[in-house]
1. If you go through the stretch 43-61 one residue at a time, do you hit one that is modelled with pLDDT of 60 or more, more than 25 Å from the chain's Cα centre (by Cα) and either under 14 Å from E84 (Cα atoms) or not basic (K, R) (or both)?
2. Can you tell me which residue in the stretch 192-215 is nearest to A235 (Cα to Cα), limited to those that are exposed (fewer than 12 other Cβ atoms within 10 Å of the Cβ) and over 34 Å from the mean Cα position of the chain (by Cα)?
3. Just to be sure I understand, how many residues within the stretch 59-74 are farther than 27 Å from K150 by Cα and not in a helix (DSSP H, G or I)?
4. Can you name every residue in the stretch 75-108 that is in contact with a helix residue (DSSP H, G or I) (Cβ under 6 Å, 6 or more places away or on another chain) and not in a helix (DSSP H, G or I)?
5. Would you please name the residue that is farthest from C193 (Cα to Cα), looking only at residues in the stretch 225-249 that are modelled with pLDDT of 95 or more and among the small types (G, A, S)?
6. All but one of (1) touching a residue at least 24 places away in the same chain (Cβ under 8 Å); (2) closer than 28 Å to W237 by Cα hold for C186, so report the exception by its number.
7. Farther than 21 Å from V300 by Cβ, outside any loop (DSSP other than H, G, I, E, B) and small (G, A, S), is that true of A243?
8. Of A247, A205, A243, A227, which residue is over 27 Å from T79 (Cα atoms) and in contact (Cβ under 8 Å) with a residue 40 or more places away in the chain?
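The values are calculated or read from the model by the stated rules, or taken from the named source; none is laboratory data. On a predicted model such as this, the values are computed, not experimentally measured, just so you know. FYI the Cβ positions are ideal-geometry reconstructions off the backbone, even for glycines, and counts take in every protein chain you see.
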Amino acid sequence: EEFAGLKMQRFKWELKRRLDEGKKVKFYWASDYPGVMGETKGTFFVKIKTNAGLIGADQLAKAAELAKKYGDGTLEMTTRQSVEIQGVPGASVDKLMADVYANGLATIGMGYVLACVGMDYCTEGLVETKKLAGELTMEFAQRLTPHKMKVGISGCANACTRPTRHDVGLMGQVRPEIDDEKCNGCGRCAELCRVDAISIVHGKAVIDKDKCVTCGWCIRGCPSEAAIEKERGYAMWIGGNDARRPADGILLKSFCTKEEIPKLIDAVAKTLVKYKTKPGRERLGNVMKNVGEGKFIKEVLEQV
């Protein structure tokens, strides 16, 4: 330990000497910090996690303060709803990260959980999303997986967050049913259905279950309240990818309850770890194909 300490001290002296003399230093080790990546101009950016796009005013103010103190004074909102401190010189990364951790800002965890605003803010939302995203982030914050696991949550069939293109994707859904006694065959539900899943037969609405995307529009628009909610929950896909080889995931389970979701994700992560052969290089979808998608899904469901 004493020898290692001397080597580190010597390294710091040499680093200071080079900086004082204006010599170029690559600071390649700075990217070893979770959430830190190099920029093309030789500086670095640091990702600050949010709760699916929500961040407290005090935390945002602190991030802005750190951006002025260590970076170029700018913050960027990313496509995955994190906040990036831009333009950080390599020599400032260590101090910035110490400040980040000291102020309770997070940069690590199981892939960023992306979520739309859900039923609390959107009139088309069928399920709650933001609170679930926060719960999943906290539940798996310290979990280390062999590769990133991206999670996307959409409140309805509009799929604003592209849930099928995530390692784990969740989408709100409602199963409609027609009460024949109340249905007067007005056809309003058929007019509203965007996928032509409803037709009027012998004066009554009939739903084609193979076409229905469980969006719930027929329930909202029925003037006689004949279209009723039979079931509500989350559809879960696994194995999707929106990176180098874009691909849709496979439906794992329909109409999951909110309580089931952490258990299912935990089972997916454990099965991924079991079969992973190239840490850092294989996404969940690749592992599923190598193992056999049916076999992988079967093992996941057996654990829940």
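1. Within the stretch 43-61, the subset modelled with pLDDT of 60 or more is 43-61.
With the extra rule that they be more than 25 Å from the chain's Cα centre (by Cα), the set shrinks to 43.
Filter once more, so that each one left must be either under 14 Å from E84 (Cα atoms) or not basic (K, R) (or both): 43.
Within the stretch 43-61, one or more residues are modelled with pLDDT of 60 or more, more than 25 Å from the chain's Cα centre (by Cα) and either under 14 Å from E84 (Cα atoms) or not basic (K, R) (or both).
2. Ranking the candidates gives V201 first.
3. 3
4. Matches in the stretch 75-108: L75, V83, I85, V88, N103.
5. Applying the first criterion (modelled with pLDDT of 95 or more) to the stretch 225-249 yields 225-240, 248-249.
Remaining after also requiring among the small types (G, A, S): 226-227, 233, 235, 239-240, 249.
Working: A226: 15, A227: 12, G233: 20, A235: 20, G239: 29, G240: 27, G249: 25 Å.
Looking at the filtered set, the residue picked out is G239.
6. C186 satisfies every listed condition except (2).
7. Details: farther than 21 Å from V300 by Cβ: yes; outside any loop (DSSP other than H, G, I, E, B): no; small (G, A, S): yes.
No, not satisfied.
8. Values: A247 fails: over 27 Å from T79 (Cα atoms); A205 fails: in contact (Cβ under 8 Å) with a residue 40 or more places away in the chain; A243 fails: over 27 Å from T79 (Cα atoms).
Being over 27 Å from T79 (Cα atoms) and in contact (Cβ under 8 Å) with a residue 40 or more places away in the chain holds for just one of A247, A205, A243, A227, which is A227.
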